[in-house]
Structure formats: structure tokens, C-alpha cells
Amino acid sequence: MGRVIFVTAFKGGVGKTTAAAGIAAALASLGKKVCIVDADFGMRCMDLVLGMESSVLYDCSDVLSGRCTLSEAIVPVGGSGSLWFLPAPMRYDGRGLSKENADALFAELRRTYDYCLVDSSAELSDYYRLFAGEADEAIVVSLHQSTAVRAAEKTAANLASFGHWRIRLIVNGYRANLASAGRLPTLFEMIRRSSVPLLGAVPASETLPADQEKGETAFGGKERRRLRSYEAAFLNIALRLCGVGVPLLEGVAPPGRKAARLAEARKRLPEERTVSI
């Protein structure tokens, strides 16, 4: 049975959707069969990040309300056969939102995929609570600044009240030089303030916004090119989710060649169900 991971933050603009897409693409590059569920019914941005805005016919609310099946609504991302996408509705009419329907949807997702990454909304809505309740674990995303840490602390407290016991933190837009100079909080300070264990840090990147604008997912493009620093960070996070111990910023600077790094990472995986890519 696959794992459902709820990626969330109560503060907009921290890179929650970016993190969900990056982790999902990294897991798929390791040979895992992965589904991204856009559960942000208010904003619906994941299709833009994945470059899938022209490929969507049905959406998550159609599946929940029984207007279509999961196989009809879900769409492949890229050509690997490892990464799939279930979009959020463009306009949500409130139909189909019940625990029974959500239980059925996620039972099918667990049977089909190794990992299901759920990109949440930023507000505590009915559908936020519903999707959070279906997850096995949660990732809270914070920017590398104090205001975002405060939001991460509040987010983790709410998740704990829902019964989540496995909650971890990703620091997005991390600037090690500013942290060491005392101009931004250190990772230790962010862990202490949020009271959430650290899963990974994604360095600030000038190339990431431009890549997303083109709809280019992490690990897309030519195998010969060098990894971006943010791709290397997402790869480290994916390995940790697979149970592999990886130093915090291993291989991030410089990140190395993509094909070589992926081959080395796949060798480190424990024996689990994989798909050919």
C-alpha cells in the first residue's frame, strides 16, 4: 500500500506547491510510482507548475462526486510513466465532499501508487481537513524567514490536533550565507521555533522560477546536463522519505551531473517496489 504525504503551510507564497512537485518528481526519478493530488481547490496552481494546464479534462472533485473514475481524471506527467497528476477543480461547487468518498479515492490511490503527494490549500477549509485526515504523514513548508516559521509552528499545531504524529519541516529558499552572518535564522533556530523535525532544506535558486514558468519539472530535460541545486536538494529529501540517511546538503553545491547522481541515488535505495523509467 502506498504512502500519502500531505504537503502544507498556513502561509501563502512559501513554495508549498513547488516542494510537492519537486519531491514527487524526485521520487519518480528514483523509480517510484508517484501521484500528485492538487488539493488546493481555491488556487489550483499545480497544473501550471507541471506544465499540464492544457491536459486537464476531469478533476479531483469529479472523482469525489462520481462524475468520472480516477483513471479518467488522472493524467501522466512527462513520458516516464512514473509520475501522474490529479488536478484540482477550476470552480469547486461543494459536491462530493464526504469522508466516505475521500476514503474510497485514497484507497484506490494507495493501491496504485507508491507515493501520493497532496498539495494542500493555505487555509483551514473543510476540504483541507478532509485531505489532511487521509494522509499518513505531513510535511510543513517554510520560507527561510521568521514570519514563515511562525506560520509553520501554527500549521504543525493544527495538524497535531487532527491526529498527525509524523510531521516534518522543509525550509525553502535557504540562504546559508545569510544564516551564518546572523541576518536570517539558522536551521537550528527554525527547528526550535517551529518544534518540527527537519526533513530537508532547499537552497534559494534563480533558475527555479524560470524552470517553473516553462512547466519544466525537476529532473526533466537532458540526462547529460548538471543537476540544479534545488533538484539535488529534492533528491536528498526523496531519499530520506525512502529510508536512506543523507547529509543535509549532500551534493547540492556543486550538484554534479544528473545521470550520475540519479544512478548513484538509485543504488542506495532499499529493496522496494519500483517501476521502469
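Does Arg67 fit the bill of being open to solvent by 10 Å² or more (accessible area, probe 1.4 Å) and either farther than 30 Å from Glu264 by Cα or free of Cβ contacts under 8 Å to residues at least 60 places away in the same chain (or both)?
Numbers: open to solvent by 10 Å² or more (accessible area, probe 1.4 Å): yes; either farther than 30 Å from Glu264 by Cα or free of Cβ contacts under 8 Å to residues at least 60 places away in the same chain (or both): yes.
Answer is yes for this residue.
Hey, among Val37, Val49, Val75, which residue is free of Cβ contacts under 8 Å to residues at least 60 places away in the same chain and within 30 Å of Lys267 (Cα to Cα)?
Working: Val37 fails: free of Cβ contacts under 8 Å to residues at least 60 places away in the same chain; Val49 fails: free of Cβ contacts under 8 Å to residues at least 60 places away in the same chain.
Going through Val37, Val49, Val75 in turn, the sole match is Val75.
Being among the hydrophobic types (A, V, I, L, M, F, W, C) and part of a strand (DSSP E or B) is the filter; apply it to the stretch 124-169 and report the residue that is nearest to Ala204 (Cα to Cα).
Keep residues of the stretch 124-169 that are among the hydrophobic types (A, V, I, L, M, F, W, C), which gives 124, 130-132, 135, 138-141, 143, 148-149, 151-152, 156-157, 159-160, 162, 165, 167, 169.
Cutting the leftovers down to part of a strand (DSSP E or B) gives us 138-141, 143, 167, 169.
On the way: Ala138: 23, Ile139: 19, Val140: 17, Val141: 14, Leu143: 10, Ile167: 23, Leu169: 16 Å.
Among residues in the stretch 124-169 that are among the hydrophobic types (A, V, I, L, M, F, W, C) and part of a strand (DSSP E or B), the one nearest to Ala204 (Cα to Cα) is Leu143.
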Discussion item. Among the listed residues Arg225, Arg266, Arg257, identify the single one that is of a type in the set (D, E, K, R) and at pLDDT 85 or above.
Written reply: Arg266
Practice prompt. Answer yes or no: is there a residue in the stretch 14-30 that is modelled with pLDDT under 95, more than 13 Å from the chain's Cα centre (by Cα) and surrounded by fewer than 19 Cβ atoms within 10 Å (Cβ to Cβ).
Written response: no
Fill in: Test result for Val4, farther than 26 Å from Arg228 by Cβ, modelled with pLDDT of 95 or more and outside any helix (DSSP H, G or I)
yes
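Residues checked against (1) among the charged types (D, E, K, R); (2) part of a helix (DSSP H, G or I); (3) more than 28 Å from Leu30 (Cβ to Cβ):
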| position | (1), (2), (3) |
| --- | --- |
| Leu105 | no, yes, no |
| Arg111 | yes, yes, no |
| Leu117 | no, no, no |
| Ala122 | no, no, yes |
Worksheet, complete the sentence: So, first residue at positive phi in the stretch 163-186, second residue buried (at least 19 other Cβ atoms within 10 Å of the Cβ) and part of a loop (DSSP other than H, G, I, E, B), Cβ within less than 8 Å, six or more apart or across chains; the pairs are Gly173/Gly15; Gly173/His144
Worksheet item: When the stretch 214-236 is examined, which residues are found to be under 18 Å from the mean Cα position of the chain (by Cα) and either buried (at least 22 other Cβ atoms within 10 Å of the Cβ) or free of Cβ contacts under 8 Å to residues at least 60 places away in the same chain (or both)?
Response: Thr217, Ala218, Phe219, Arg228, Ser229, Tyr230, Glu231, Ala232, Ala233, Phe234, Leu235, Asn236
Worksheet item: Does the stretch 71-81 include one or more residues that are among the charged types (D, E, K, R) and in a loop (DSSP other than H, G, I, E, B)?
Response: no
Fill in: Selection within the stretch 53-70 - at pLDDT 85 or above, on the phi < 0 side of the Ramachandran plot and assigned to a loop (DSSP other than H, G, I, E, B)
Leu57, Tyr58, Asp59, Arg67, Cys68, Thr69
Item to complete: Sort through Phe234, Phe188 and tell me the only one that's within 30 Å of Glu53 (Cα to Cα), in a helix (DSSP H, G or I) and of a type outside the set (Ser, Thr, Tyr).
Response: Phe234
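The values are calculated or read from the model by the stated rules, or taken from the named source; none is laboratory data. On a predicted model such as this, the values are computed, not experimentally measured, just so you know. All Cβ positions, even for glycine, are placed from backbone atoms using ideal geometry, and neighbour counts span all protein chains on display. Side chains included, ligands, DNA and RNA excluded: accessible areas come from the protein's heavy atoms. Shrake-Rupley method; radii C 1.70, N 1.55, O 1.52, S 1.80 Å.
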